[in-house]
1. Given a cut-off of 12 Å, what percent of all Cα-Cα pairs of the range 1-41 lie beyond it?
2. Taking the number of other C-beta atoms within 10 Å as the exposure measure, put 3, 29 in order starting with the fewest.
3. Got a sec? Charge dipole of the chain, +1 on Cβ for Lys and Arg, -1 for Asp and Glu; which of 22, 43, 33 is way out at the positive end?
4. In deg cm²/dmol and to the nearest 500, what is the mean residue ellipticity at 222 nm of the chain if only DSSP H runs of at least 4 residues count, each as -39500 (n - 2.57), divided by the residue total?
5. So I have (1) 45, 22, 11; (2) 36, 28, 9; (3) 21, 17, 9, and one of them is semi-axes √(5λ) of the Cα gyration tensor in Å calculated from this model. Which one is it?
6. Please report the net charge: other residues with Cβ closer than 12 Å to the Cβ of residue 13, K and R +1, D and E -1.
Amino acid sequence: MSTAAERSAKASVAVEASWAYTADRPARTAKAHRALEQKWLDLADGDPVRAEHFRRMHYQKMTLKSLQARRRKREAREAASGSEAP
């Protein structure tokens, strides 16, 4: 039985091989891109202007969550290094 690290390494190799053998990357991801654009349009009841705002809101929320996670990680690291001082 392989370890979690070995399974993760094997999966990484498989992903890289898969993309290495993909000649037309845009064609491979086109269906997913269309589905995502349709999701925004569905949320906006077919209004492309509102759909763009939904899309931008989604990515801004992701940015905010990333900033918050990095801040929490930094604060935890600083707290840990401060508690180790003599």
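1. On the way: 565 of 820 pairs.
The answer is 69 percent, as a whole percent.
2. On the way: 3 8, 29 12.
Taking fewest neighbouring Cβ atoms as first place, the list is 3, 29.
3. 43
4. On the way: 3 runs with 72 residues, N = 86.
Rounded to the nearest 500, the figure is -29500 deg cm²/dmol.
5. Label (2) holds the value from this structure.
6. Values: positive: 7, 10; negative: 6, 16.
Around residue 13, the surrounding residues sum to 0.
Read-outs: derived from the displayed coordinates by stated rules, not from any lab. Note that this is a predicted model, so its numbers are computed, not measured. Here Cβ is always computed from backbone atoms with ideal geometry, including for glycine, and neighbour counts include all displayed protein chains.
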